[in-house]
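Quick notes on the structure that follows.
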Ligand code: NDP
């Protein structure tokens, strides 16, 4: 039997791109979603449908999943990875940045769930991997809203896991510490960004995106009777 369709959001860089390579190497057809189409195409993966979709656009996410399912068959894996981290102390932060994090990290993730979960439930098979963070268990100065969105990922995942378990659908949460990606480049305050990047540099960037992708694939590859509910992983030197 051929491998099943894997949907990966935020596949244009970092952890999402590494996860796309890992699942492709394992023979899965892919639906890759992000806004930067050219970066997904540059991955040059076989059987990969790339669509320039903003995950906050619910109908666009649903339409892209339907289109990919028409080509490759039902989506059996969703890696809900798209996210932004705009760290800034709450007193100084433009609330538009709060909205962006809430819209992408929470609503965007739920849009992915909405697009695949009814089909998985009906077929009584499927795996949803939600990418959270160490910041989904701990909060740090400057991360009030980012940590809030990632705590929400854990909370939503626990509830959806319990709801979906009788339908044989697994919900897995991956919680990395520092990973060497573009994530921190979007922090708008130069001083906050520099401090964050100094902490990253002290850990030589932290984990590689490939290490996180390997953890996602490891969890997915367990027999379907096993649900690894959560993997938290960080560079050994991270406190
Ligand atoms: P990157 O910035 O490299 O990747 C983020 C991805 O999300 C990009 O592909 C980006 O694509 C996509 N994305 C952002 N906004 C949207 C949107 N509105 N619609 C669709 N896609 C979007 O960072 P990472 O790989 O590090 O981040 C991936 C996930 O890992 C995030 O959820 C992040 O919170 C989490 N994480 C990262 C850690 C780290 O230290 N790097 C630590 C813990 C968790 P595009 O811009 O093309 O739309």
Quick check on the range 159-182. Is at least one of its residues more than 25 Å from residue 218 (Cα to Cα) and surrounded by fewer than 22 Cβ atoms within 10 Å (Cβ to Cβ)? no
Answer yes or no as to whether residue 113 is crowded, with 23+ Cβ neighbours inside 10 Å and at pLDDT 95 or above. no
Positions within the range 184-203 being in contact (Cβ under 8 Å) with a residue 24 or more places away in the chain and farther than 24 Å from residue 90 by Cα, in sequence order: 202, 203
Do you know which of the residues in the range 160-183 that are part of a loop (DSSP other than H, G, I, E, B) and in contact (Cβ under 8 Å) with a residue 60 or more places away in the chain is farthest from the ligand (Cβ to nearest atom)? 177
So is residue 130 in contact with a strand residue (DSSP E or B) (Cβ under 8 Å, 6 or more places away or on another chain) and either within 27 Å of residue 218 (Cβ to Cβ) or assigned to a loop (DSSP other than H, G, I, E, B) (or both) or not? yes
Of all residues making up the range 62-84, the number that are under 21 Å from residue 175 (Cα atoms) and surrounded by 21 or more Cβ atoms within 10 Å (Cβ to Cβ): 7
Can you name every residue in the range 8-29 that is within 9 Å of the ligand (Cβ to nearest atom) and at positive phi? 10, 14
Return the residue satisfying two criteria in turn: it lies in the range 74-107 and is away from the ligand (no atom under 16 Å from the Cβ) and more than 17 Å from residue 33 (Cα to Cα), and of such residues it is modelled with the lowest pLDDT. 92
Leading residue by the ranking (farthest from the ligand (Cβ to nearest atom)) among those in the range 30-44 that are under 14 Å from residue 79 (Cβ atoms) and more than 14 Å from the chain's Cα centre (by Cα): 30
Part of a helix (DSSP H, G or I), surrounded by fewer than 23 Cβ atoms within 10 Å (Cβ to Cβ) and either free of Cβ contacts under 8 Å to residues at least 24 places away in the same chain or out of contact with any helix residue (DSSP H, G or I) (no Cβ under 6 Å at 6 or more places or on another chain) (or both): does that describe residue 108? no
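The values are calculated or read from the model by the stated rules, or taken from the named source; none is laboratory data. No experiment lies behind these values; they were computed from the predicted model shown. Cβ atoms come from the backbone with ideal geometry, glycine included; neighbour counts cover every protein chain shown.
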